[in-house]
Amino acid sequence: MEKKELHYIHSFAEYVDRFIKALIDYSPKLISAFIILFVGLYAIRFINRLAKKIMVKRELDPTLSKFLADSLLWALRVLLFVTFISKLGIETSSFVAILGAAGLAIGLSLQGSLSNFAGGMLIILFKPFRVGDTIEAQGVVGVVSEIQIFVTKLVNGNNQTIFIPNGNLSNGTIINYSMAGMRRADLLFSLSYDTNIKTAKDIVMKVMQDHPKVLKNPAATVSIRGLSDSAIQLSIKPWSKNPDFSDMCSDILENCKEAFDAAGIVVQPYVRETTKK
């Protein structure tokens, strides 16, 4: 038993000596790799902060600035990681091949997400709308609250948050109500055939001229849209600035109705025509 114990002790001592020798031989690579790692992490933070300051100074779009800063951050981190494991003596060619194969597999499985990513890039670069704009797209209307890489977030008039995939958004029709800075309303009154058309048009023009939120230029217009079987259709088209649009439309309709009532003009109710059998 004593000889076996001495043999085990001797073998263990040899293993310890070999481990210490290997550690000593390998320690320069280990120390230099961790120095590169810590210095690299500090340098990445510094470069990222510097890039953000430059983009803010150049007044780039906030969404684009964030995306570019994040992309730069992760690209530098990957480069640092490859440098770190290479300094440790690990073969990087096989690692890069595995990374490429994994990227291809992930790309094939996330084709829809990549389409949304490409759509987000197109929106950020070509700017068909910005944060704060009121747009209509994919059958919904809302104010753009955030443009993300994969989706765009809208808030509609009911304060509901709507997420639209950027792939669908960039490939579809977008109506931007805010880009021009002002907007025209298309309002309609149906009046009785007993109405004097000139008097009705004069009343409407006065209502629009007296309203502070109706723009003088472009000028508001009043015209006859059509003559139905039951009414004269009066088309009213005032202009306003985008923030005033909803209030202006409501006020014009209300003020015109009150003015018509005061002048004895009858607003014709909608009549659905039916065929008797």
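Filtering 232, 252, 203 for residues that are surrounded by 12 or more Cβ atoms within 10 Å (Cβ to Cβ) and closer than 30 Å to residue 132 by Cα leaves a single hit, 252. Residue count for segment 170-182 under the criterion of being part of a helix (DSSP H, G or I) and either surrounded by fewer than 16 Cβ atoms within 10 Å (Cβ to Cβ) or at pLDDT 90 or above (or both): the result is 1.
Taking segment 151-160 as the range and being surrounded by 12 or more Cβ atoms within 10 Å (Cβ to Cβ), of a type in the set (S, T, N, Q) and out of contact with any Pro (no Cβ under 9 Å at 6 or more places or on another chain) as the test, only 156 passes.
A Cβ distance below 9 Å, combined with a sequence gap of six or more or placement on separate chains, defines the contacts here; from segment 21-40, residues that are under 16 Å from residue 85 (Cβ atoms) and of a type outside the set (A, V, I, L, M, F, W, C) reach residues that are at pLDDT below 80 and surrounded by 12 or more Cβ atoms within 10 Å (Cβ to Cβ) in the pairs 26/88; 29/87; 29/88; 32/87.
The values are calculated or read from the model by the stated rules, or taken from the named source; none is laboratory data. Bear in mind the structure is a predicted one, so any value in this text is a computation, not a measurement. Please note: Cβ atoms are built from the backbone with ideal geometry, for glycine as well, and neighbour counts cover all protein chains shown.
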